[in-house]
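The values are calculated or read from the model by the stated rules, or taken from the named source; none is laboratory data. Bear in mind that the values here come from a model prediction, so they are computed numbers and not experimental data. Backbone-built Cβ (ideal geometry, glycine too); neighbour counts: all protein chains shown. Keep in mind that these areas ignore ligands, DNA and RNA; they rest on the heavy atoms of the full protein, side chains included. Shrake-Rupley method; radii C 1.70, N 1.55, O 1.52, S 1.80 Å.
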Amino acid sequence: QVKQELAVAQAGELINKINDNCFDLCIPKPGSTFDKSDKACVSKCMERYMDAWNVVSKTYIARMKREQEALR
Amino acid sequence: QVKQELAVAQAGELINKINDNCFDLCIPKPGSTFDKSDKACVSKCMERYMDAWNVVSKTYIARMKREQEALR
Amino acid sequence: QVKQELAVAQAGELINKINDNCFDLCIPKPGSTFDKSDKACVSKCMERYMDAWNVVSKTYIARMKREQEALR
Amino acid sequence: QEIAKFIETEQQKAKLQQAIHNFTSICWPKCITKVNDKLGKDEEQCLANCVERYLDCNFQIIKSLEAAKK
Amino acid sequence: QEIAKFIETEQQKAKLQQAIHNFTSICWPKCITKVNDKLGKDEEQCLANCVERYLDCNFQIIKSLEAAKK
Amino acid sequence: QEIAKFIETEQQKAKLQQAIHNFTSICWPKCITKVNDKLGKDEEQCLANCVERYLDCNFQIIKSLEAAKK
C-alpha cells in the first residue's frame, strides 16, 4: 500500500507537470471548445513531455555517477 | 478551533494569491511611494480577483457535477 | 542537531534560490560547455544575490519595526 | 466520531478551495490584463473557458496514462 | 523547557528567513536584469521600494478583508 | 526491518523522481517551444545541456558557499 501510494503520488506529479506545460503550449488562449486539433496537440505534447523526462533522467543519472566517481 | 485554523489558512492563501497577482498588475515597477492611484488599483484588483474566484468556483463545481453524472 | 538541521535547510533554500535566479540570468540558452565567462557570471551573480538578500532583509525588518511601533 | 466527520468535511472543503485557488492563479494572468471597474463579459467567458479547457486537458491526460498502463 | 524555547526561537528565525527568501525571489527579477560588479544604487533602491510596496499592498488587502468580515 | 528498508528505497526513488520532475519543468520551456511529431535532435541536445549546465551552476554555488564558511 505504501508502494501504491507513492506510485499514485508520482503519477499525480507527472499529470500536473504535463498538464501545466502542455496547457500553456497547446491552448495559449482558451476558447469555447476543445476541438480535434487541441486534442491532437495535447496527445503529442504528452508523448514529447515523457520523451523529455527520459532525456533529463538519463542525463541527470549519468552526471551523478560521473560526479560520484570523481570523488573517489 | 480546527475550523478557525482552517479558515485562517484559507484566508492566508487568498491574501497571498491576491497580493501576488495584484502586485504584478498594479505595481509593475515599484516606485518610492504608494500613492492614491496605486491604492485605488489594488482595491479594484482585489474585488476583481474575488469576482474571478467566484466564476472559477462556479465553473469548476458545475463541471465536476457534469462529469460525475456522466459516470453513472 | 536541530540547529544544524535548520541551518542546512536554510542553506538549501539559499542555494536553490541563487541557482534558479542566476541560471536564468547567466545561462539563458544552455550551450554544450560551461566556460570561464559562465563561471565568472555565476560567481558575480551569487554575490549580487546575497547583496540583494541583505537589502531585502534590512528593509523588511525596518518596516516591521515601524509597523509594530505604529500599533502601540 | 462526530469530530472525525467534521474534520473530514472541513478537509474536503479545504481541498476544493485549494483547487479553486490554483485555477484562479492559472487563469487570471491569461484572462485579466488590466484592472477594470467590473469583470467584463469577455473576461468572465475567458475564465470559464480556461477552467473548462484545463480540465479537458487534465481528463485527456489521465485517460491516456490509464490506457497506457494496461 | 530550555529545548522548547530554543526550538521556538529557531522556528521564528526560520520563518523570518523564509519571508526574506520569498521577497528576494519576487523583487530580484523586477530589479536585477544584468549582473554587475557591484549592486548599483538604483538596484538597491528598487529592491527596497519593491519590498515596501509589496508590504503596502499586503497591509491594504488584509485591512480590506478584515473590514469586509464585519 | 524489511519494511523500513523498503520504505527507505521507495523514498530515495521518490526523491530522484522529484529531481527529474523539477529539471524537466525547468528545461522544457527553455528547449521546447512547439509540439512536434518527434523529439528533435536539437531539442534533445538542448535538454541535456540544460541539465548539465544547471548542475554546473549548482556545484559551483555549493563549493563557493562551503569555501566562504571556512
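Can you tell me which residue in region F:1-35 is surrounded by the most Cβ atoms within 10 Å (Cβ to Cβ), limited to those that are part of a helix (DSSP H, G or I) and of a type in the set (D, E, K, R)?
Per the stated criteria, the residue is F:Lys30.
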Return the residues of region C:43-72 that are surrounded by 13 or more Cβ atoms within 10 Å (Cβ to Cβ), basic (Lys, Arg) and over 19 Å from F:Ala68 (Cβ atoms); say none if nothing qualifies.
C:Lys58, C:Arg63
Here are some residues: F:Ala48, F:Ala19. Which one is within 11 Å of chain C (Cβ to nearest Cβ) and small (Gly, Ala, Ser)?
F:Ala48
Residues of region C:27-42 satisfying the condition of being open to solvent by less than 50 Å² (accessible area, probe 1.4 Å) and under 21 Å from E:Leu39 (Cα atoms):
C:Ile27, C:Asp38, C:Cys41, C:Val42
Suppose the filter is β-branched (Val, Ile, Thr) and either within 14 Å of chain E (Cβ to nearest Cβ) or farther than 23 Å from D:Glu43 by Cα (or both); does B:Val42 pass it?
yes
Among the residues of region C:16-32, count how many are facing chain F (nearest Cβ under 7 Å), among the hydrophobic types (A, V, I, L, M, F, W, C) and part of a helix (DSSP H, G or I).
3
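In region E:36-48, what count of residues is obtained for those that are surrounded by fewer than 17 Cβ atoms within 10 Å (Cβ to Cβ) and either assigned to a helix (DSSP H, G or I) or among the acidic types (Asp, Glu) (or both)?
Matching residues across region E:36-48 total 4.
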Flag for E:Val51 being open to solvent by less than 60 Å² (accessible area, probe 1.4 Å) and outside any helix (DSSP H, G or I):
no
